[in-house]
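Student: After the C-alpha cells below, expect a handful of questions from me.
The values are calculated or read from the model by the stated rules, or taken from the named source; none is laboratory data. This structure is a prediction, so every number in the text was calculated from the model and none was measured. Cβ coordinates were reconstructed from backbone atoms using ideal geometry, including for glycine residues, and neighbour counts include every protein chain displayed. Note: areas computed on protein heavy atoms with side chains; ligands, DNA, RNA excluded. Shrake-Rupley method; radii C 1.70, N 1.55, O 1.52, S 1.80 Å.
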Amino acid sequence: MEILILAVVIAVVVIGALGGLVVGSRRKKRLPPPPPSTPDITAPPAEPHVGEEAETPRDEPRRTIEEVDLPDGGTAPVGVEEPPVVEELEIPQIEVPEPTAGRLVRLRARLSRSQNALGKGLLTLLSREHLDEDTWEEIEDTLLTADVGVQPTQELVDRLRERVKVLGTRTPGELRTLLREELITLVGPDMDREVKTEPATGKPGVVMVVGVNGTGKTTTTGKLARVLVADGRSVVLGAADTFRAAAADQLQTWGERVGAHTVRGPEAGDPASVAFDAVKEGKDIGSDVVLIDTAGRLHTKTGLMDELGKVKRVVEKQAPLDEVLLVLDATTGQNGLIQARVFAEVVNITGIVLTKLDGTAKGGIVIAVQRELGVPVKLIGLGEGPDDLAPFEPEAFVDALIGE
C-alpha cells in the first residue's frame, strides 16, 4: 500500500513539472503584432447643389468698378505671341568684276614697284665709265640670278656689247632706251598672247587649266572666269579636280560670285567624266566658254600625268580644246621650267599663266619659260585679290622692270 501511495506522489510531481515547462515556453514566444487600426477615410467634398438644395451664399466683401486700380494708359495690352521668324535662304550676290583696262593700270603699277630691281641693276652696271670683262660678267650674273636662263642671257649680253660699242657715248636716257629695246625683243613682242575662247565654229570655247598643286591653279581658273564675265561672256566651270578636298567647293564659290555655273562630281570621282559633263552642259545651254580645272599633279608621277592625257582625250570627244593653259608659280624658278617641260609633253600646252609674280619672284622667268616651251605667257597674277589677273603685255612688263 505504501508503495502505491509513493508511486502516485511521484506521478503527481512529474505531471506538475511538465506543466510548468509548457507554460514557460509559451511565455517566451513573441506574440504577433496587433492588427492595424482602421485608417481614417476623408470623405470627398460634397458636390455643388442647385435649386432648393443649394447652400445659402456667404456674404463676401466686393469692390465696385471705381475702386479697382487700372494701370496707366487705360486697358492693359493683351500679349500676342509673335510668330517664329523664318530665316530666309541667303542668296549670293552677283559681283561685277573690274573691267580689264582698269585692272591693267593697277597691275602695271604694282609690277613696277616690285620688279624694277633687275632693270636698275643692269642700268647701273651699263653706266660705268669702263665696261671691262668683269663688268660684263656682273651683268651676266644679274640676268642669271633673275632666272632669265643661260641661252637668253648670252644672247642679250652679246647684243648689248655690240650696241654699246657702236653707241659710243652712254647717257642715262640712251642706256635706258637701249636696254628696253633689247629686253622687249627677248620677251617676244610678236607672240600671240590672246587667250583663245572663241572657237571658229559653234560654241562653247573650251579652255583646260593644268599645273601642279600649290601654283594657284583653281584660283586662276576662278579669276579667269571673272575676266571673261567682265568682257560680257557667259561661263561654265568644270570642277574636274576631284582629288583635292574642297577644290570643287572653292571653284563653285568663285563661280557664284560672278554668276558662272559650276559642274561638279563626287569627291575622288573620275575627273574625265566631270570634264566631259561640263563641256556637254556648256553646249546644251549655249555658254560662250567652258573652263575646266584639272587636278594638280606632280610632274614626277607618270600615272597621274597619263590620266591628265585621258582627260584631254575625253574632252575632245565633245568639242575641240581651244586652249590649254599651264599655271606656274613664278617663284619656283628652274623647277618651274622642269614642270613646264613634262606637262607640255602630255597635253600640248598653248599658253602660260605666271602666278605670284610679285616682290618675291624674278621677272626673268617670263623669258626663260617662253624659250623653254616655245609658247607665250598669256596671263600674269600679281596678288591675292579677285581681280589680280591680267593679260601679259611685253612693253608694260619691260617698263616695269627697268622703271621710269
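Student: In the range 152-179, which residues have a backbone nitrogen under 18 Å from the label point lying 7 Å from residue 140's Cα in the Cα-to-Cβ direction?
Tutor: It comes to 152-165, nothing else.
Student: Separate question: Would you mind classifying the range 186-253 by shape? Square roots of the alpha carbon gyration tensor eigenvalues, ordered a ≥ b ≥ c; an a/c under 1.5 is rounded, otherwise it is prolate if a/b is larger than b/c and oblate if not.
Tutor: Since a/c reaches 1.5 but b/c is at least a/b, the shape of the range 186-253 is classed as oblate.
Student: Just read off the accessible area of residue 402 with the full protein assembly in place, 1.4 Å probe, to the nearest 10 Å².
Tutor: For residue 402, the solvent-accessible surface is approximately 10 Å².
Student: Okay, next question. Distance check, please: which entries in 217/378; 196/312; 310/356; 196/378; 223/378 exceed 18 angstrom between their Cα atoms?
Tutor: 310/356
Student: What is the distance, in nm, between label points placed 7 Å from the Cα along the Cα-to-Cβ direction at residue 342 and at residue 95?
Tutor: So the label points at residue 342 and residue 95 sit 3.3 nm apart.
Student: Sticking with this structure for a sec: Which of the three applies to the range 182-329, rounded, prolate or oblate, going by the alpha-carbon gyration tensor with a ≥ b ≥ c and a/c under 1.5 meaning rounded?
Tutor: rounded
Student: For residue 95, what accessible surface area do you get with a 1.4 Å probe? Give it in Å², rounded to 10.
Tutor: 70 Å²
Student: Show me the ranking of peptides 146-152, 119-125 by mean Cβ neighbours inside 10 Å, starting with the highest.
Tutor: Highest mean packing first, the order is 146-152, 119-125.
Student: Could you give the accessible area per residue of the range 215-288, probe 1.4 Å, as a whole number in Å²?
Tutor: Averaged over the residues of the range 215-288, the accessible area is 37 Å².
Student: With a/c under 1.5 counting as rounded, go ahead and sort the range 318-358 into rounded, prolate or oblate using the C-alpha gyration tensor (a ≥ b ≥ c being the square roots of the eigenvalues; past the cut-off, prolate if a/b is larger than b/c, else oblate).
Tutor: The shape class here is oblate.
Student: Can you put 15, 380 in order of accessible area, largest first, using a 1.4 Å probe?
Tutor: Ranking 15, 380 by accessible area, largest first, yields 15, 380.
Student: Sort 207-213, 285-291, 310-316, 235-241 by packing, meaning the average of other beta carbons within 10 Å per residue, with the highest value first.
Tutor: Values: 207-213: 23.9, 285-291: 21.4, 310-316: 17.6, 235-241: 28.4.
The densest-packed peptide leads the list: 235-241, 207-213, 285-291, 310-316.
Student: How much length is gained if the chain between residue 191 and residue 163 is pulled fully straight, taking 0.36 nm per residue apart and subtracting their Cα-Cα distance, in nm to one decimal?
Tutor: Length gained, residue 191 through residue 163: 7.6 nm.
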